[in-house]
Structure formats: C-alpha cells, structure tokens
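A short worksheet on the structure shown next.
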Amino acid sequence: VRIAGTAAVEWPDGAEACVSLTFDVDVETPYRSRHADAERRLSQLSEGRYGIRRGLPRVLELLAEEGIPGTFFVPGRTALDFAEQLRPLAGAGHEVGHHGHDHADLSRCEPSAAGAELAHGLEALERGLGVRPLGYRAPHWTLTPETLELLWEHDFVYDSSLMEDDRPYLVLQDPGDRKLVEFPVHWSLDDYVYFGYDSADGGRMAPPGAVMEIWMSEVRAAAKEGRHLTLTMHPECIGRPYRLEMLAELIRRARREHSIAFMTLGDVARLLEG
Ligand SMILES: [Zn+2]
C-alpha cells in the first residue's frame, strides 16, 4: 500500500488540537481467542467481565460529566453476549467501531479466515447493537493485507491499527483507487501496556501519575503541532477507580492548558474527508 497525508483542517471552535478517547471493549474475547481451555479460566474471564460490569459504566459517567463522546471498538462476540450492557453506547454521540468478531490475532490466522472474522463481526454489531460501523481496529493491532482489502470491500471509512505517523493519514489501495483514513495508534498511548496484568505474562502496574505525564506531553505536542491524537484504553484497565481518576485529571488538565476538541474518530474522519 501507499500512504499520503491528509489536507490541513480547522478544528471546531478554533481548538488547538483534537483528541479522540477510544476504548476497546474486549471483555472475555482476548482470553477466549487465546486459550482453548478458556472455560476453565474463571478468574481471567471474570477480569474481562469487570470491564463491562464496573469499568464501562464508570467510563461513561466520566464522559457524560465532561461532555465528551467516545469511540468504542467492540468485538462481535462481545456485542452478542453483552448487548444489554452496551446499550448506553447508542447515545450521547458515542461511536461503535468494529474490533473483529472473536478478537482473533489476525497475524496468526490463516489468510482465508479474515473474511469470516470481518463479516461475522459486522453481522453481530448489527444484530446486537443495531450499528453499521464506519471504522475498524484490528484486535491486538494485527492488521493484515487481507483484512485491509476487506475494509475497502465493505466500505469502511477509517482504520485505527497502524503506526507510520502520529498524524492521521491516508492508506491508498495499490493497485486500485480506494482510500482509508488511518488514525495511528501506539503502544505508549495504550493503557494496557501500563496497567494490563496477567498471571501468566505479568505486567507493569505503572503508577497512574507516570502515565498522566506521558500522555500530557503527547497532548502538549499535539497542541503545538495542531494535530489529532488517539488514546486507546480498555474498560477493565482504565475503569479501576485510581486509574479513572488519572483520566479525569488528564481531561481537566488538557482543557486548562489548551483548547482541545474531543471528538469521535468517525467525526474526525468525516471532517478530514471534507
Ligand atoms: Zn482488543
């Protein structure tokens, strides 16, 4: 594929920068897709469900208090199993994006499995939540050439799985004339890297203050460069009270020090597409 920059845009109300808060609502799917014996891993599955029982409501409450719409990437399986708990995502300007069906690591799947994973996810989001998503984020950020082609085939407007720039850019089909807005991500802008912990793989349990300093520096850089910034979070990670406090403080500090437009990725994609 080839890439190209996007045309410069004015952020709403003359804001210096635009920030999208994105949440991957994985719940049980990463454990189920990774472990054939997931049914026996009650503790791990339950940590996933903490995300939807406690994390998501807290996140939604904070976003409502701050008047910020969020982008929520939901695996199809999650949309079917937890449709009731996900109902609030349909309101308050929030956006639901595609995050695979079973949260399969695409780099480890047969290329031929990509079509089903994408199609089943689309069906499930439609059936569970009544949503036809504009955007896609590959599970574990494992976008493959097959899935990229499928995104064009299914008329997706944007993707958020790649890292070639820290500004939104265009991914151009080659050969072909299709394009896709890419909202780049990075591990340093993902809460899981700092807060995720697993009995098998361990983790860091970083102090939230340290994460706030890193993310605030990124907000400052985005403001200086007049660009967009994507933050990635998981309700089971960020939804712990001492971490959500960090997110609340980050939003308030960002707003005190700069004028920031908080927008969903879908709305930013529409703006960039003009
Ligand atoms: Zn995920």
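General remarks:
- Among residues that are within 20 Å of the chain's Cα centre (by Cα), without any contact (Cβ under 8 Å) to a residue 60 or more places away in the chain and under 28 Å from E10 (Cβ atoms), V211 is not included.
- Among the candidates L56, L60, residue that is within 18 Å of the chain's Cα centre (by Cα), part of a helix (DSSP H, G or I) and within 15 Å of R240 (Cβ to Cβ): L56
- Qualifying strands (runs of 3 or more DSSP E) (wholly inside segment 80-195; at least 1 residues being within 16 Å of the ligand (Cβ to nearest atom) and of a type in the set (V, I, T)): 95-98
- For F23, the requirement of being free of Cβ contacts under 8 Å to residues at least 60 places away in the same chain, among the aromatic types (F, W, Y) and not in a helix (DSSP H, G or I) is not met.
- Identity of the residue in segment 66-95, of a type in the set (D, E) and touching a residue at least 24 places away in the same chain (Cβ under 8 Å), that ends up surrounded by the most Cβ atoms within 10 Å (Cβ to Cβ): E95
- Test: residue in segment 8-16 that is out of contact with any helix residue (DSSP H, G or I) (no Cβ under 9 Å at 6 or more places or on another chain), β-branched (V, I, T) and away from the ligand (no atom under 16 Å from the Cβ): no
- Residue check, A36 more than 16 Å from the ligand (Cβ to nearest atom) and within 25 Å of S160 (Cα to Cα): no
We did not get these values from a lab; they are worked out from the coordinates using the rules stated. Keep in mind that this is a model prediction, so the values were computed, not measured. Positions of Cβ are generated from backbone atoms using ideal geometry, with glycine treated the same way; all protein chains shown enter the neighbour counts.
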